[in-house]
Amino acid sequence: MELTGNQRKKNIARWVSNQIPKAISIILIFAFGVWVGQNVALPFGSNQAPVFRILNKNTPQHVQVDFAPFWNVWDKISTDYLERARLDPQQLLYGAISGMVDAVGDPYTVFLNPEQNAEFELALSGTYEGVGIELDVRNDQLVVVAPIEGTPAAKAGVAAGDKILEIDGINTSTLTIQEAVQKIRGKTGSRVVFRLQRDTKVFDVKLTRAKITLKSVEFEDLGGGIAQIKIIRFGDNTLTQWSKAANKVVTRGYTKLILDLRNNPGGRLDYSISIAGDFLSKDTTVVIQEDSSGRQVPARSESDAKLGNVKVVILINKGSASASEIVAGALRDQLGVKLVGEATFGKGTIQKVDDLAGGAGLHITFAKWLTPKGTWVNQKGLKPDIEVKLTEKDIAADRDPQLDRAKQLLR
């Protein structure tokens, strides 16, 4: 039976009055979230982005949405479900939000419940329990962006670009990235089985989880006045470790540097801008952010180019993504730095992270990024100036032809 607006409100009021205070809080939080969605401007393109509102509210907006079906389903589940006494209203709310965010259809726009958000923050800090891989979705398929050096995944031969078909027998086509992460992570010493596809080959890999403590930056003297700095990730401790490594280059008088960004899955955008800025003069464009309206905003270097006199070659591969692509693209466009290796992963969007009430989190894709010359790498990556492949035979024989070619360019 169809109800009038007043009848529906009376029914809602009657149901709310019979619920525990926790349920009242949930509805208030939801109402506040709706208000925020209507009244808080997005950082880019706020004048063009559609704003959603509850139907029949007096404030004129661009798009109308009738929330009656939501409240109708909420009422029916709360009153008709067989085991309704076991329902957790908070989890129902999180489920509703997750469904809404998933409907956006962007693998990088995700809602994280408090447990998932805590795991994300822990991983960004550099310590967690798992197998040591970065994930993404390509063409609706879960793939390995990069195995992290020294972790169980890397030691077992998991490679960038491998498709993960199953995790412990569960088809990954039904999983979001965050759901996959939760299934992969677990207590140290426990086991997880991947079914992988590499080109046409399908095979299983059994991994034992371990405590992963990630370094962000490694420094090495290669001899002949050549230093190598490997940036493994752009996490919370990256900038501190980078500064120490860069200072070694300056104080020890190195004139040549190999910047190794292979299998670097990215991370913090602001850190990639700072690191690229150490090679560029002040106010030089590092990356361009473009919003939904097409408005472009350049992010410029702010440092004093302390590495500006060092000759640089950059190593890349298909595990180089996001922030590492920003650094590589900026130094090639602005300084003509040569990229050696294989084409990068191709993640050309930017997410902002919002912390929500109760410990939950929301990641929203709000812009795409372009190299200083306007190249959008999304889905295609950066192509190397000098292509050098690293084969499984090379790895087994402890050879690194990509590094060897970079050294030749600097001699």
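The values are calculated or read from the model by the stated rules, or taken from the named source; none is laboratory data. Model, not experiment: these values are computed from the prediction. Methodologically, a virtual Cβ is constructed for each residue, glycine included, from the backbone with ideal geometry; neighbour enumeration extends over all protein chains shown.
Being crowded, with 24+ Cβ neighbours inside 10 Å, on the phi < 0 side of the Ramachandran plot and within 21 Å of the chain's Cα centre (by Cα) is a property that does not hold for I273.
Among the residues of the stretch 80-103, which ones are within 24 Å of E134 (Cα to Cα) and either surrounded by 13 or more Cβ atoms within 10 Å (Cβ to Cβ) or of a type in the set (F, W, Y) (or both)? Once the filter is applied, which keeps residues that are within 24 Å of E134 (Cα to Cα) and either surrounded by 13 or more Cβ atoms within 10 Å (Cβ to Cβ) or of a type in the set (F, W, Y) (or both), the stretch 80-103 yields S98, V101, D102. Please list, ordered by residue number, the strands (runs of 3 or more DSSP E) wholly in the stretch 253-304 having 3 or more residues that are closer than 30 Å to P401 by Cβ and in contact with a helix residue (DSSP H, G or I) (Cβ under 9 Å, 6 or more places away or on another chain). In the stretch 253-304, 256-260 are the strands (runs of 3 or more DSSP E) which contain 3 or more residues that are closer than 30 Å to P401 by Cβ and in contact with a helix residue (DSSP H, G or I) (Cβ under 9 Å, 6 or more places away or on another chain).
A quick yes/no check of all residues on (1) closer than 22 Å to G267 by Cα; (2) among the charged types (D, E, K, R); (3) surrounded by fewer than 24 Cβ atoms within 10 Å (Cβ to Cβ); (4) not assigned by TED's automatic domain parsing to the domain that holds T375:
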position	(1), (2), (3), (4)
K306	no, yes, yes, no
V310	no, no, yes, no
I316	yes, no, no, no
A328	yes, no, no, no
K338	no, yes, yes, no
G341	yes, no, no, no
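Among the residues of this structure, F219 counts as one that is surrounded by fewer than 20 Cβ atoms within 10 Å (Cβ to Cβ), assigned by TED's automatic domain parsing to the domain that holds G277, within 23 Å of E325 (Cβ to Cβ) and of a type in the set (F, W, Y). Here is a check on your reading of the model: is S243 more than 16 Å from L339 (Cβ to Cβ) and either modelled with pLDDT of 95 or more or part of a helix (DSSP H, G or I) (or both)? Taking the combined requirement at face value, the residue satisfies it. Considered as a group, the residues in the stretch 198-216 that are among the basic types (K, R) and either without any contact (Cβ under 8 Å) to a residue 12 or more places away in the chain or in a strand (DSSP E or B) (or both) include one that is surrounded by the most Cβ atoms within 10 Å (Cβ to Cβ), and that residue is R198. When you check K282 against the structure, is it at pLDDT below 95 and either crowded, with 19+ Cβ neighbours inside 10 Å or over 20 Å from F345 (Cα atoms) (or both), yes or no? Here the answer is yes, as K282 does meet what is asked.
Here is the figure for the stretch 343-359: residues that are of a type in the set (G, A, S) and buried (at least 22 other Cβ atoms within 10 Å of the Cβ) total 1.
Of all the criteria given as (1) surrounded by 17 or more Cβ atoms within 10 Å (Cβ to Cβ); (2) of a type in the set (D, E, K, R); (3) over 24 Å from the mean Cα position of the chain (by Cα), the one not satisfied by R195 is (3). (1) out of contact with any Pro (no Cβ under 9 Å at 6 or more places or on another chain); (2) within 25 Å of R252 (Cβ to Cβ): which one isn't true of I326, the others all being true? Going through (1) out of contact with any Pro (no Cβ under 9 Å at 6 or more places or on another chain); (2) within 25 Å of R252 (Cβ to Cβ) one by one, I326 breaks only (2). Residues in the stretch 320-374 that are in a loop (DSSP other than H, G, I, E, B) and within 13 Å of the chain's Cα centre (by Cα): S320, A321, S322, F345, G346, K347, G348.
Which members of the stretch 285-305 meet the condition of being at pLDDT 95 or above and touching an Asp or Glu at 6+ places or on another chain (Cβ under 6 Å)? Across the stretch 285-305, the qualifying residues are Q296, R300. Please indicate, with yes or no, whether at least one residue in the stretch 375-393 is out of contact with any strand residue (DSSP E or B) (no Cβ under 6 Å at 6 or more places or on another chain), at pLDDT 95 or above, in the same structural domain as V286 (by TED's automatic domain parsing) and not in a loop (DSSP other than H, G, I, E, B). Yes, the stretch 375-393 contains a residue that is out of contact with any strand residue (DSSP E or B) (no Cβ under 6 Å at 6 or more places or on another chain), at pLDDT 95 or above, in the same structural domain as V286 (by TED's automatic domain parsing) and not in a loop (DSSP other than H, G, I, E, B). Please verify whether D140 is over 16 Å from A360 (Cβ atoms) and touching a residue at least 40 places away in the same chain (Cβ under 8 Å), treating the condition exactly as stated. Here the answer is no, as D140 does not meet what is asked. For the stretch 155-178, filtered to residues that are buried (at least 17 other Cβ atoms within 10 Å of the Cβ) and in a helix (DSSP H, G or I), the residue that is farthest from the chain's Cα centre (by Cα) is T172.
Mind checking whether some residue in the stretch 340-354 is more than 30 Å from V158 (Cα to Cα) and either at pLDDT 95 or above or out of contact with any His (no Cβ under 7 Å at 6 or more places or on another chain) (or both)? Yes: the stretch 340-354 contains one or more residues that are more than 30 Å from V158 (Cα to Cα) and either at pLDDT 95 or above or out of contact with any His (no Cβ under 7 Å at 6 or more places or on another chain) (or both).
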